[in-house]
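Engineer: Sending over a structure as structure tokens; questions will come in a sec.
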Amino acid sequence: MKKILNQLYEYKTLTASQAKQVLIDIAELKYSTSEVASFLSIYLMRSITVDELAGFRGAMMDLCLKIEFEKNDCMDIVGTGGDNKNTFNISTLSCFVVAASGIHVTKHGNYGVSSVSGSSNVLEALGYKFTSDSSELNKQLDKTNLCFLHAPLFHPAMKSVASIRKELGVRTFFNLLGPLVNPSNPSFQTIGVYNSEILRLYNYLLQTGPTTYTLLHSFDGYDEISLTGKFKCVSNKKEEIHQPHNFNLQELKEKDLFGGVSINDSKKIFLDILNGNGTQAQNTVVIINAAFAIQTVKQNLSISECYLMAEESLKSKKALSTFKKLIN
């Protein structure tokens with residue numbers, strides 16, 4: 001590790017193969033806690049390269065517990081996290097809305113590191129039991145169109161640095177890897193990123209693969225469509241900049257998206273929205289994110305048509321029904 005650290009301290013970068021091997025060695029606990037913390041911290045001070053990201057991703061996928069689903073048209077809806085905005089669980093709620101619209105969702109997620117509640121935090125608090133059992137996950141997907149893949153159960157590399165990440169309490173390149181290493185290899189992905197540089201990195205990486213994807217970034221730093229201003233949408237086919245008024249939606253304030261100060265707050269907001277007691281702002285931001293996810297799969301539909309599908313899914317409480325079936 002000292003050789004690698006010195007290389008990085010000299011402002012040099014890693015090749016894809018070097019990056020892959022370092023992460024494999026981290027997963028195999030070959031380095032001390034301080035060495036791993038130093039390695040992670042370097043990427044807080046300089047940008048990760050496409051080759052490094054590709055190498056880290058390759059290591060994670062090689063090391064992960066593989067899972068196959070009988071459905072071959074699944075999608076993931078996920079954000080990088082690490083935007084320090086402390087929003088409620090928008091992408092996780094969007095998953096239930098999309099699943100209730102008839103799309104198979106294999107959601108990959110983890111505990112929050114730089115926010116009060118990640119997807120794993122809120123789902124665990126709501127009674128979901130994490131599992132890596134393939135037959136159980138296939139059963140959930142068949143019954144509800146949705147299942148949840150808790151990252152530490154599938155990625156030993158993540159598990160080996162969990163305590164270090166928590167102690168650091170800031171975003172690391174693992175925040176960038178999470179959306180890229182879903183062990184089910186979904187055919188479709190809608191991914192939110194917190195800055196334009198990461199959006200470009202993801203686009204370079206994903207456009208060479210088979211995944212149909214949509215990348216979303218709000219210009220004021222949210223890793224999802226926040227409706228607080230302009231946002232960018234990049235897919236396999238196009239790149240667009242939108243504003244809320246493009247969809248006849250009101251611009252929101254940061255306080256409209258606040259996720260609370262505890263897991264209990266997150267849990268209450270989550271249930272309120274599914275039960276039809278969410279604020280108009282909360283409902284709208286979930287629906288617009290779900291709409292872009294739906295269009296990732298149903299590219300023949302307009303965003304307006306996808307918005308209506310997502311709105312019906314939430315307001316008719318089909319999304320609530322999907323949630324209840326999954327938890328029970």
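Please treat every number below as a calculation from the coordinates, not as lab data. Not measured: the values here are computed from a predicted model. Every residue, glycine as well, gets a Cβ built from its backbone with ideal geometry; the counts of neighbours run over all protein chains shown.
Engineer: Helix check for the chain. Which DSSP H runs span at least 18 Å along their own axis by Cα, with a mean Kyte-Doolittle hydropathy no less than -1.0? Please report the intermediate quantities before stating the final value.
Structural biologist: Numbers: long enough: 33-45 (19 Å, 1.15); 50-63 (20 Å, 0.44); 156-168 (19 Å, -0.08); 280-297 (26 Å, 0.96).
Once both thresholds are applied, what remains is 33-45, 50-63, 156-168, 280-297.
Engineer: Please list, in chain and number order, the residues 5+ apart from Leu149 or on another chain whose amide H is under 5 Å from its amide H, with Hs placed from the backbone.
Structural biologist: Sorted by chain and number, the residues that satisfy this are Lys107, His108, Gly109.
Engineer: Where does the range 140-211 land on the Kirkwood hydrodynamic radius, alpha-carbon pairs, in angstrom?
Structural biologist: One over the average 1/r among Cα pairs gives 14.1 Å for the range 140-211.
Engineer: List every residue whose amide H lies under 5 Å from the amide H of Gly79, counting only residues 5 or more places away in sequence or on a different chain, with H placed 1.01 Å from N in the peptide plane.
Structural biologist: Under 5 Å from the amide H of Gly79 lie the amide H atoms of Gly192, each far enough along the sequence or on another chain.
Engineer: Quick one: work out the % antiparallel among DSSP beta bridges in the chain, nearest 5.
Structural biologist: 40 percent
Engineer: Please list, short to long, the whole-number percent of alpha-carbon pairs of the range 133-282 in consecutive 5 angstrom bins beginning at zero.
Structural biologist: Percent of Cα pairs in each bin: 2, 7, 13, 14, 19, 20, 16, 7, 1, 0.
Engineer: In a solvent-free Debye calculation with one equal scatterer on each Cα, what is log10 I(q)/I(0) for the range 269-309 at q = 0.20, 0.33, 0.35 Å⁻¹, listed in the order of the q values?
Structural biologist: With no solvent term, the Cα-only Debye profile gives -0.59, -1.00, -1.07.
Engineer: For a protection proxy built on the mean count of beta-carbon atoms within 10 angstrom, sort 190-196, 231-237 highest first, please.
Structural biologist: Going from most to least packed, we get 190-196, 231-237.
Engineer: Apply the Debye scattering formula to the chain, with a single equal point scatterer on each alpha-carbon and no solvent, then give log10 I(q)/I(0) at q = 0.06, 0.09 Å⁻¹.
Structural biologist: Debye curve over Cα of the chain, log10 I(q)/I(0) at q = 0.06, 0.09 Å⁻¹: -0.19, -0.43.
Engineer: For Thr214, what residues show an amide H to amide H distance below 5 Å, using hydrogens built from the backbone and excluding near sequence neighbours?
Structural biologist: Amide H to amide H, under 5 Å and 5 or more residues apart or across chains, Thr214 pairs with Gln189, Thr190, Ile191.
Engineer: Which whole-Hz ³J(HN,Hα) couplings does the range 250-260 yield from phi under the Karplus relation 6.51 cos²θ - 1.76 cosθ + 1.60, θ = phi - 60°, glycine and proline marked x?
Structural biologist: Once rounded to whole Hz, the list reads 6, 6, 9, 9, 4, 5, 5, 9, 4, x, x.
Engineer: Can I ask one more? Quick check: residue separation of Lys268 and Lys253 times 0.36 nm, minus the Cα distance between them. What number comes out in nm?
Structural biologist: So the chain would gain 3.4 nm between Lys268 and Lys253.
Engineer: While we're looking at this one, here's another question. For the range 65-76, what does the Karplus curve 6.51 cos²θ - 1.76 cosθ + 1.60, with θ = phi - 60°, yield as ³J(HN,Hα) per residue in whole Hz, taken in order and with x for Gly and Pro?
Structural biologist: Using θ = phi - 60°, the values come out as 6, 6, 9, 10, 10, 5, 7, 10, 10, 7, 9, 10 Hz.
Engineer: By a straight-distance test (C-alpha under 23 Å), which lysines pair with Lys71 as possible cross-link partners, with residues fewer than eight away in the same chain excluded?
Structural biologist: Within the straight-line limit of under 23 Å, Lys71 reaches these lysines: Lys107, Lys129, Lys139, Lys143, Lys298, Lys318, Lys324, Lys325.
Engineer: Rounded to the nearest 500 deg cm²/dmol, what is the calculated helix-only ellipticity per residue at 222 nm for the chain, with -39500 (n - 2.57) per DSSP H run of length n ≥ 4?
Structural biologist: -15000 deg cm²/dmol
Engineer: Largest first, please: the extent of the C-alpha atoms of the range 16-81 along each principal axis, to the nearest Å.
Structural biologist: 42, 24, 21
Engineer: Now, a different point. Write out the trypsin sites (Lys or Arg not before Pro) in the range 62-96 meeting two conditions: DSSP loop, and at most 13 other Cβ atoms within 10 Å of their Cβ.
Structural biologist: Here the trypsin sites (Lys or Arg not before Pro) that fit, given the DSSP loop and packing criteria, are Lys66.
Engineer: Based on Cα coordinates alone, diagonalise the gyration tensor for the range 98-169, multiply each eigenvalue by 5, take square roots, and list the semi-axes in whole Å, largest first.
Structural biologist: On the way: eigenvalues 122, 39, 18 Å².
One finds semi-axes of 25, 14, 9 Å for the range 98-169.
Engineer: 7 Å from Cα along Cα→Cβ at both Ser302 and Lys139: what's the point-to-point distance in nm?
Structural biologist: 4.4 nm
Engineer: Rank-order 139-150, 246-257, 175-186, 20-31 by packing density, defined as the average count of other C-beta atoms within 10 Å over each peptide's residues, highest first.
Structural biologist: Result, highest mean Cβ count within 10 Å first: 175-186, 139-150, 20-31, 246-257.
Engineer: Another question, then. Arranged from highest to lowest average of other beta-carbon atoms within 10 Å per residue, in what order do the peptides 87-94, 121-128, 275-282 appear? If you can, show how the numbers build up before the last one.
Structural biologist: Details: 87-94: 26.6, 121-128: 18.6, 275-282: 14.5.
Top to bottom by mean Cβ count within 10 Å: 87-94, 121-128, 275-282.
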